[in-house]
Amino acid sequence: MQKIAIITGITGQDGAYLSQFLLGKEYKVIGLVRPNIAEDYSGFEYLKIKDNIIFKECNLLDLKSITNILKEFRPSEVYNLAAQSSVGLSFERPLETINFNILSVLNLLETIKGLDKKIKFYQASSSDMFGNIENLPVTEKSIIHPTSPYGISKATGHWMTVNYRESYGLFACCGILFNHESYLRAPNFFVKKVIKTAIEIKKGTQQELRVGDIDLRRDFGFAPDYVKAMWLMLQQDEPKDFIICSGKSISLRDIVEYVFDKLGIDKNKIVTDESFFRPNDIKNIYGNNEKAKKELGWEYEKTFFEVLDILIQEELRK
Ligand code: NAP
């Protein structure tokens, strides 16, 4: 029988690549979008999958709205990717970030608990839950101590998911993903912004790239490879949580300089702008992906410079 998956936040980067992956596995994919909003479907057109997905409006802050959708489609799997996902924006809009990122998770868990505990649930947790952790690499057992409203919202969604698994027996898993990038990344995120601006500088349509603290280090990977891990988690015999990462950190400065060198741009055009600095930013973080590799059979070997090559090529082609 054809499997049915519901994806929240389908219009985001991960939603588009996860849809593509699940369609390749012959799933029927239902994508939830915000009600009464002119959504941008260009990512699905880019991946040539728009006509293969059923898009449904759903207010994730409304229990009834979620219940109706789950009753209508009776999915075997729900992937919860919807979130205000920008750390920077979460400092500007903490109430909105905390309110949506927490209540949407709780509503989904409550609905599944009341309707059908056999529905498997994936929660998009984040490395931002760990804050400025001292003991690196991060593992599934590391202490959670977020340093942003976004991190706090994700930590709460994470623990609620664990709690519904432990208290009510839900098949609920958290994928603790580290930064992952792609052509479909929103333009306000660092790597996308660097590549797009560098191409504009090359064309002469922009003069400079303004950056915050580029001595920060992060563990970056490739989104199309990371979505496979989400699916793998829900195919196991037991629900568990997994770190998904590359296992290495790289500085933002290395990324900018690599892109500028590739495009032959003078590094004097990199300008530090203190308005981009965030309060209490994470200085360095990377994870350990051994559990995912061993138990899920997930594979990831790309360096981030290889990913940057793919992204620059894809951006230039457009
Ligand atoms: P994204 O591109 O920012 O997409 C976020 C999705 O959530 C979009 O579909 C967006 O809908 C939806 N959304 C945001 N606010 C909403 C609201 N108030 N009501 C309804 N829908 C709302 O994020 P992503 O990169 O695909 O990431 C997917 C998930 O993984 C997120 O939960 C993110 O926090 C988490 N995560 C991402 C990374 C990463 O590096 N990408 C790392 C760790 C965890 P609209 O299109 O309508 O705005």
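Can you tell me how many residues within segment 196-239 are β-branched (Val, Ile, Thr), in contact (Cβ under 8 Å) with a residue 24 or more places away in the chain and over 16 Å from residue 12 (Cα atoms)? Walk me through it before giving the result.
Initial filter on segment 196-239 (β-branched (Val, Ile, Thr)): 197, 199, 201, 205, 211, 214, 227.
Filter once more, keeping what is in contact (Cβ under 8 Å) with a residue 24 or more places away in the chain: 199, 201, 211, 214, 227.
Those left that are additionally over 16 Å from residue 12 (Cα atoms): 199, 201, 211, 214.
Within segment 196-239, residues that are β-branched (Val, Ile, Thr), in contact (Cβ under 8 Å) with a residue 24 or more places away in the chain and over 16 Å from residue 12 (Cα atoms) number 4.
Quick check: anything in segment 23-42 more than 9 Å from the ligand (Cβ to nearest atom), touching a Leu at 6+ places or on another chain (Cβ under 8 Å) and among the hydroxyl-bearing types (Ser, Thr, Tyr)?
No.
What number of residues within segment 167-177 are buried (at least 23 other Cβ atoms within 10 Å of the Cβ) and away from the ligand (no atom under 13 Å from the Cβ)?
Of the residues in that region, 2 qualify.
Each row is one residue, and each column tells you yes or no for (1) surrounded by fewer than 16 Cβ atoms within 10 Å (Cβ to Cβ); (2) under 30 Å from residue 169 (Cα atoms); (3) not assigned by TED's automatic domain parsing to the domain that holds residue 20.
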{"position": "210", "(1), (2), (3)": "yes, no, yes"}
{"position": "215", "(1), (2), (3)": "yes, no, yes"}
{"position": "235", "(1), (2), (3)": "yes, yes, no"}
{"position": "238", "(1), (2), (3)": "yes, yes, no"}
{"position": "252", "(1), (2), (3)": "no, no, yes"}
{"position": "256", "(1), (2), (3)": "no, no, yes"}
{"position": "259", "(1), (2), (3)": "no, no, yes"}
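To keep it simple, each residue is scored yes or no on (1) within 25 Å of residue 21 (Cα to Cα); (2) free of Cβ contacts under 8 Å to residues at least 24 places away in the same chain; (3) within 15 Å of the ligand (Cβ to nearest atom).
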| site | (1), (2), (3) |
| --- | --- |
| 66 | yes, no, yes |
| 73 | yes, no, no |
| 115 | no, no, no |
| 120 | yes, no, no |
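Does residue 110 count as more than 17 Å from the chain's Cα centre (by Cα), modelled with pLDDT of 95 or more and in a helix (DSSP H, G or I)? I'd like the intermediate steps shown before the answer.
Values: more than 17 Å from the chain's Cα centre (by Cα): yes; modelled with pLDDT of 95 or more: yes; in a helix (DSSP H, G or I): yes.
It is true that residue 110 is more than 17 Å from the chain's Cα centre (by Cα), modelled with pLDDT of 95 or more and in a helix (DSSP H, G or I).
Kindly provide the set of residues from segment 273-300 that are at pLDDT below 95, at negative phi and not hydrophobic (A, V, I, L, M, F, W, C), ordered by number. Spell out how you get there, then give the answer.
Here is the first cut: in segment 273-300, the ones at pLDDT below 95 are 273-283.
Now restrict to residues that are at negative phi: 273-279, 281-283.
Scanning segment 273-300 gives 273, 274, 275, 278, 279, 281, 283.
Which residue pairs have Cβ atoms under 8 Å apart, sit 6 or more places apart or on different chains, and have a first residue in segment 178-195 that is more than 11 Å from the ligand (Cβ to nearest atom) and a second that is assigned to a loop (DSSP other than H, G, I, E, B)?
So the pair list comes out as 183/318; 193/187.
Just one of the numbered conditions (1) free of Cβ contacts under 8 Å to residues at least 40 places away in the same chain; (2) closer than 25 Å to residue 235 by Cβ is not true of residue 57; which one?
(2)
Inside segment 1-97, counting only strands (runs of 3 or more DSSP E) that do not spill past its ends, which hold 3 or more residues that are in contact with a Pro (Cβ under 7 Å, 6 or more places away or on another chain)?
Details: elements: 4-8, 28-33, 53-57, 77-80.
It comes to 4-8.
The values are calculated or read from the model by the stated rules, or taken from the named source; none is laboratory data. Given the structure is predicted, the values throughout are model-derived calculations rather than measurements. Virtual Cβ from ideal backbone geometry, glycine too; neighbours counted across all protein chains shown.
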